[in-house]
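Chemist: First, the structure itself, so that you have it in front of you.
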Number of protein chains: 2
Amino acid sequence: MEKTNILLSGREMPRSWYNLAADLPNPLRPPLTADGTPITPETMAPIFPMNLIEQEVSSERWIEIPEPVLAILMRWRPTPLRRAVALEKHLNTPARIYYKDESLSPPGSHKPNTAVAQAWYNKEFGIKKLTTETGAGQWGSALAYACGLIGIECKVYMVRISFEQKPFRKVLMRIWGADCIPSPSEASKTGREILKKMPDTPGSLGIAISEAIEEATGDESGRTRYALGSVLNHVMLHQTVIGLETRKQLKNAGVGLPHVVIGCAGGGSNFAGLSFPFIAEKIDGADITIIPVEPTACPTLTRGRFAYDYGDVAKTTPLLPMHSLGHTFVPPGIHAGGLRYHGMAPLVSQAAVDGLLEPMSLDQLECYRAALTWAQTEGSIPAPETTHAIAAAIREAEKAREEGKDKSIVFCYSGHGLLDLSAYEAYLDGKLVDSTLPEERLQESISELDGNPGVD
Amino acid sequence: MEKTNILLSGREMPRSWYNLAADLPNPLRPPLTADGTPITPETMAPIFPMNLIEQEVSSERWIEIPEPVLAILMRWRPTPLRRAVALEKHLNTPARIYYKDESLSPPGSHKPNTAVAQAWYNKEFGIKKLTTETGAGQWGSALAYACGLIGIECKVYMVRISFEQKPFRKVLMRIWGADCIPSPSEASKTGREILKKMPDTPGSLGIAISEAIEEATGDESGRTRYALGSVLNHVMLHQTVIGLETRKQLKNAGVGLPHVVIGCAGGGSNFAGLSFPFIAEKIDGADITIIPVEPTACPTLTRGRFAYDYGDVAKTTPLLPMHSLGHTFVPPGIHAGGLRYHGMAPLVSQAAVDGLLEPMSLDQLECYRAALTWAQTEGSIPAPETTHAIAAAIREAEKAREEGKDKSIVFCYSGHGLLDLSAYEAYLDGKLVDSTLPEERLQESISELDGNPGVD
């Protein structure tokens, strides 16, 4: 019988995270303050605990995973690497398609890999409460889960329209003991001002980030901090368990290094988690095609510009060296909420600049078509974000068929879609449209980058 | 580090199902037709394919799992056996609590274990289409999944009120290619008659079963059959992979036989799946407490009567020898839809009559309280049905603490609750009530059994 399930024992679980910053051909540029000077660890101290700031700026190649973090991760890790034999057969391809199943965590995605680590480091540092923002709720529920297990308070500012239209991840957060409120809210100065001007605003991630940071920095006891679910270096670091496990699983299964590595990319965290250990192999000379996949509605790597930009609309974050569509960019409404971010993780952006990546953008209709093919062959229901990786894997498998090549393709199955079934219903009812970004809207948005500090 | 994840390799996956009928101290009584005579395989032929009827009446101890069925089961099996270390710590109990995680199948429950087998045997027999009924949609989505993968049509009659109030499992069925319609429907004679009399009826499982059987038996080409997700002997048989794997995992982990085995019981299938291999050990002399857990709203084993009764309201099924509350019984509205069945699998009932089981009934408020404790310690969200097994495990662990005994407890984590979050919201909002069945309502309902054929 075909070996479709490649498992690792707990003993084979990685004991350290891999830091790509140690191996990139060109060093990462530093984040800047609004006056254009490089940011110091001290500037970040009101927002993040110092132990995470140290990881953020570290150039150590390996950083040990603390035992208590490992113990929680091992409730669902190592995750299986699976071979999509039924999909291969359906596509009539000589390619072997493997997927790393990150949907098996209790919150249903890869997000708890970093949520658990962040909650633990904050608690170690004496922090009592974490604040964060969430859109559709993947990140918010992952942080609620982690804080619940580790015993630290959690406050989630959820974009109001999602709070009202997507009630289920909110229930998850309540079950795990977090306080989840709609943003903008009366709880912050930012929120109150916005509500006064626009009482009916649907809210945005940018507003929610500002509110969460305001609460964290405003706590005079100094015991509250803010947590971010993507983009930053330490978040990418925590996700590398995905790729480290996968590399070992492919080796154990006799596949060796894959020909193609694929992940969907919004802020970049699941893509980074899977790909960074393989980017290291590529830097060492291996011939691997590494593909971040983004929606045509938010084509940060494929059509954006590499520049210094803010992480949020209100410019409360430092300027990060990254591919961006401009920090005021609002993408067309697509169902993959996790891929609607205007920027990209600096580590992923630098790897792209260094020519290590081959970014791809795909329309959501192609992605849902791929998801249906997946569900009807492999059986599981992917998250809207994950459909992008599946569609790219199908493209690569079809290319292998045309070329007659027995390639190995591996992608990150970043999450399940069980709390996103209304998106599938919309697709099945023919209500989804191609939402590719028009050129003029792109140009208008990118041109605002010219005014940023650090941009020539 | 504590070993909390006990895995089996694919090589250790059971190759045969275990048939408890071969080992019960007293033989199963045969099903009866409405005139009180034992039913023959031929009578069942218009409803089920002959290869499954053979399994239904078999007294062979081991029945080989066909290779193609095994190949699909192995997409998510063997499932992990996990130790609930965080819950143990929270309860401060010397007991070790293990749970068999059946929530990892794509439809999210143990149901596909039999859905895949049934779809495959039907296809082997030349059947082109399966019909079934579903309440909340666990079984309907499992059969849709199985039929989609195996390549056979699937028509699901979904109880109308669930069809309207629980849209998500319906979307799952559509994704997997099944045709799901609300029942009562215009598609059957039964449905049309009911709609004429009661156009606003919310529907019931009894009506949906009648419609599904009518469509199956009414297909003149003879290529349509009906599938049932619980109660029948062949369904229990297919679920025994759960207990066979668990027995091996406990042995591999050095635990040996457990002291207590627990499963929630509606029609009986996940309970049977886990417990039957352990009931065999008990028949052989092992000292094991085996507990089916039912809701106090539908206390079939704890307060019902062992008698011959019909499987549905309309009396279209044979009379089965089972514990029942009467085939017209409608339990109070509780959220564990899968535990609202009036009867119990004949194999489970006979084991209870033979004194091999210690049934327990629990109120839903205790169950949701247990579920919250679970979510906040172990992290995952159980299905409303599964909360009953968790609450019973907590009771047993607390008893072990009082007795100062290091017991091993194992229960079946039959499914996740990600598509049942509205039930949790109702609990968190204080909207759920104790729905224990009043004595007079019980007596009234049970008294109708007196009129059944085969009842003294």
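The values are calculated or read from the model by the stated rules, or taken from the named source; none is laboratory data. Here the structure is a predicted model, which means the values were calculated and not measured. As a convention, Cβ positions derive from the backbone with ideal geometry for all residues, glycine included, and neighbour counts pool all protein chains shown.
Chemist: Give me the residue from the stretch B:1-18 that is among the polar types (S, T, N, Q) and out of contact with any Asp or Glu (no Cβ under 6 Å at 6 or more places or on another chain) and, out of that set, nearest to residue B:76 (Cα to Cα). Lay out the reasoning, then the answer.
Modeler: First pass over the stretch B:1-18, keeping only residues among the polar types (S, T, N, Q): B:4-5, B:9, B:16.
If we keep only those that are out of contact with any Asp or Glu (no Cβ under 6 Å at 6 or more places or on another chain) as well, we get B:4-5, B:9.
Working: B:4: 19, B:5: 15, B:9: 11 Å.
If we take residues in the stretch B:1-18 being among the polar types (S, T, N, Q) and out of contact with any Asp or Glu (no Cβ under 6 Å at 6 or more places or on another chain), then B:9 is nearest to residue B:76 (Cα to Cα).
Chemist: Within the stretch B:430-441, identify whether any single residue is away from chain A (no Cβ under 14 Å), of a type in the set (Lys, Arg) and free of Cβ contacts under 8 Å to residues at least 40 places away in the same chain, and answer yes or no.
Modeler: Yes, the conditions are met somewhere in the stretch B:430-441.
Chemist: In the stretch A:118-161, what residues are part of a helix (DSSP H, G or I) and among the polar types (S, T, N, Q)? Can you show your working first?
Modeler: Within the stretch A:118-161, the first condition is being part of a helix (DSSP H, G or I), and the residues that meet it are A:118-124, A:138-150, A:160-161.
Passing the criteria: A:118, A:122, A:138, A:141.
Chemist: Only one of B:279, B:381, B:334, B:290 is within 14 Å of chain A (Cβ to nearest Cβ) and buried (at least 20 other Cβ atoms within 10 Å of the Cβ); which?
Modeler: Details: B:279 fails: within 14 Å of chain A (Cβ to nearest Cβ); B:334 fails: within 14 Å of chain A (Cβ to nearest Cβ); B:290 fails: within 14 Å of chain A (Cβ to nearest Cβ).
Criteria check complete, one pass: B:381.
Chemist: So the check is Cβ under 7 Å with 6+ separation or different chains; which pairs have a first residue in the stretch B:37-50 that's within 20 Å of residue B:308 (Cβ to Cβ) and a second one that's β-branched (Val, Ile, Thr) and surrounded by 12 or more Cβ atoms within 10 Å (Cβ to Cβ)?
Modeler: Close Cβ pairs satisfying both conditions: B:39/B:33; B:41/B:53; B:41/B:57; B:43/B:33; B:44/B:53; B:47/B:213; B:47/B:217.
Chemist: Take residue A:164 and decide whether it is among the charged types (D, E, K, R), away from chain B (no Cβ under 12 Å), within 23 Å of residue A:338 (Cα to Cα) and outside any loop (DSSP other than H, G, I, E, B).
Modeler: Values: among the charged types (D, E, K, R): yes; away from chain B (no Cβ under 12 Å): yes; within 23 Å of residue A:338 (Cα to Cα): yes; outside any loop (DSSP other than H, G, I, E, B): yes.
Yes.
Chemist: Can you list residue pairs whose Cβ atoms sit under 9 Å apart, with the first residue in the stretch B:198-212 being free of Cβ contacts under 8 Å to residues at least 60 places away in the same chain and the second being surrounded by fewer than 22 Cβ atoms within 10 Å (Cβ to Cβ) and among the acidic types (Asp, Glu)? Count only pairs 6 or more apart in sequence or on different chains.
Modeler: Every condition considered, the pairs that remain are B:202/B:164.
Chemist: Additional query: Pairs, please: C-beta under 7 Å, at least 6 apart or cross-chain, first residue touching a residue at least 24 places away in the same chain (Cβ under 8 Å) and closer than 9 Å to residue B:94 by Cβ and in the stretch B:395-406, second surrounded by fewer than 12 Cβ atoms within 10 Å (Cβ to Cβ) and of a type outside the set (Lys, Arg)?
Modeler: B:401/B:92
Chemist: Of (1) out of contact with any Ser or Thr (no Cβ under 9 Å at 6 or more places or on another chain); (2) within 12 Å of chain B (Cβ to nearest Cβ); (3) over 29 Å from residue A:226 (Cβ atoms), residue A:15 satisfies all except one. Which?
Modeler: Exception for residue A:15: condition (3).
Condition check ((1) more than 28 Å from residue A:150 (Cβ to Cβ); (2) modelled with pLDDT under 95; (3) not in a loop (DSSP other than H, G, I, E, B)) across all residues:
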residue	(1), (2), (3)
A:35	yes, yes, no
A:43	no, yes, yes
A:51	no, no, yes
A:56	no, no, yes
A:68	no, no, yes
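Chemist: Any chance you could count how many residues in the stretch B:379-421 are within 19 Å of residue A:106 (Cβ to Cβ), not in a loop (DSSP other than H, G, I, E, B) and not hydrophobic (A, V, I, L, M, F, W, C)?
Modeler: 6
Chemist: Touching a Leu at 6+ places or on another chain (Cβ under 8 Å) and closer than 30 Å to residue A:145 by Cβ - does that describe any residue in the stretch B:349-364?
Modeler: Checked the stretch B:349-364: at least one residue is touching a Leu at 6+ places or on another chain (Cβ under 8 Å) and closer than 30 Å to residue A:145 by Cβ.
Chemist: Give just the number: which of (1) over 30 Å from residue B:167 (Cα atoms); (2) surrounded by 23 or more Cβ atoms within 10 Å (Cβ to Cβ) does residue A:452 not satisfy?
Modeler: (2)
Chemist: Can you spot a residue in the stretch A:120-131 that is under 30 Å from residue A:184 (Cβ atoms), of a type in the set (Val, Ile, Thr) and modelled with pLDDT of 95 or more?
Modeler: Among the residues of the stretch A:120-131, at least one is under 30 Å from residue A:184 (Cβ atoms), of a type in the set (Val, Ile, Thr) and modelled with pLDDT of 95 or more, which makes the answer yes.
Chemist: Please verify whether the stretch B:345-354 includes one or more residues that are of a type outside the set (A, V, I, L, M), within 18 Å of residue B:439 (Cβ to Cβ), surrounded by fewer than 24 Cβ atoms within 10 Å (Cβ to Cβ) and over 14 Å from the mean Cα position of the chain (by Cα).
Modeler: Start the filter on the stretch B:345-354 by keeping residues that are of a type outside the set (A, V, I, L, M), which leaves B:346, B:349-350, B:354.
Checking the rest, the ones that are also within 18 Å of residue B:439 (Cβ to Cβ) come to none.
No; the residues of the stretch B:345-354 include none that is of a type outside the set (A, V, I, L, M), within 18 Å of residue B:439 (Cβ to Cβ), surrounded by fewer than 24 Cβ atoms within 10 Å (Cβ to Cβ) and over 14 Å from the mean Cα position of the chain (by Cα).
Chemist: Continuing with this model, one more query. Could you grab me the full set of residues in the stretch A:167-194 that are within 13 Å of another protein chain (Cβ to nearest Cβ), β-branched (Val, Ile, Thr) and under 24 Å from residue A:334 (Cα atoms)?
Modeler: The answer is A:171, and nothing else.
Chemist: Sticking with this structure for a sec: Those residues that are more than 9 Å from chain B (Cβ to nearest Cβ) and part of a loop (DSSP other than H, G, I, E, B), I need them from the stretch A:81-116; list them, please.
Modeler: We begin by selecting, within the stretch A:81-116, every residue more than 9 Å from chain B (Cβ to nearest Cβ); these are A:81, A:83-84, A:87-103, A:109-111, A:113-116.
A:84, A:92, A:93, A:94, A:95, A:110, A:111, listed by residue number.
Chemist: Now for a different question. Suppose we keep only residues that are without any contact (Cβ under 8 Å) to a residue 40 or more places away in the chain and among the small types (Gly, Ala, Ser) within the stretch B:355-378. Which one would you say is surrounded by the fewest Cβ atoms within 10 Å (Cβ to Cβ)?
Modeler: B:355
Chemist: Further question on the same structure: Is there any pair linking a residue in the stretch A:218-236 that is in a helix (DSSP H, G or I) to one that is surrounded by 15 or more Cβ atoms within 10 Å (Cβ to Cβ) and charged (D, E, K, R), with Cβ under 8 Å and at least six apart or on different chains, and which?
Modeler: A:233/A:56; A:234/A:56
Chemist: A follow-up question, please. Restricting to the stretch A:197-236, name every residue that is within 30 Å of residue A:59 (Cβ to Cβ) and of a type in the set (Val, Ile, Thr).
Modeler: Across the stretch A:197-236, the qualifying residues are A:209, A:213, A:217, A:224, A:231, A:235.
Chemist: Of the conditions (1) exposed (fewer than 15 other Cβ atoms within 10 Å of the Cβ); (2) of a type outside the set (A, V, I, L, M, F, W, C); (3) farther than 30 Å from residue B:149 by Cα, residue A:94 fails just one. Which one is it?
Modeler: Result: residue A:94 passes all but (3).
Chemist: Go through the stretch B:37-59 and report how many residues are exposed (fewer than 15 other Cβ atoms within 10 Å of the Cβ) and under 22 Å from residue B:280 (Cβ atoms).
Modeler: 1
Chemist: Out of the residues in the stretch B:61-80 that are among the basic types (Lys, Arg) and within 20 Å of residue A:79 (Cβ to Cβ), which is nearest to the other protein chains (Cβ to nearest Cβ)?
Modeler: Our first condition is that a residue be among the basic types (Lys, Arg); within the stretch B:61-80, this holds for B:61, B:75, B:77.
With the extra rule that they be within 20 Å of residue A:79 (Cβ to Cβ), the set shrinks to B:75, B:77.
On the way: B:75: 6, B:77: 9 Å.
Once the filter is applied, the top-ranked residue is B:75.
Chemist: Within the group A:95, A:84, A:71, which residue is without any contact (Cβ under 8 Å) to a residue 60 or more places away in the chain and not charged (D, E, K, R)? Full working, then the answer.
Modeler: Details: A:95 fails: without any contact (Cβ under 8 Å) to a residue 60 or more places away in the chain; A:84 fails: without any contact (Cβ under 8 Å) to a residue 60 or more places away in the chain.
Going through A:95, A:84, A:71 in turn, the sole match is A:71.
Chemist: Would you check which residues across the stretch B:1-12 are buried (at least 17 other Cβ atoms within 10 Å of the Cβ) and either away from every other protein chain (no Cβ under 14 Å) or not hydroxyl-bearing (Ser, Thr, Tyr) (or both) and list them?
Modeler: First, pick out the residues of the stretch B:1-12 that are buried (at least 17 other Cβ atoms within 10 Å of the Cβ): B:4-8.
Listed by number, the residues that qualify are B:5, B:6, B:7, B:8.
Chemist: So which of A:189, A:166 is over 21 Å from residue B:369 (Cα atoms) and over 23 Å from the mean Cα position of the chain (by Cα)?
Modeler: Values: A:166 fails: over 23 Å from the mean Cα position of the chain (by Cα).
Answer to the selection: A:189.
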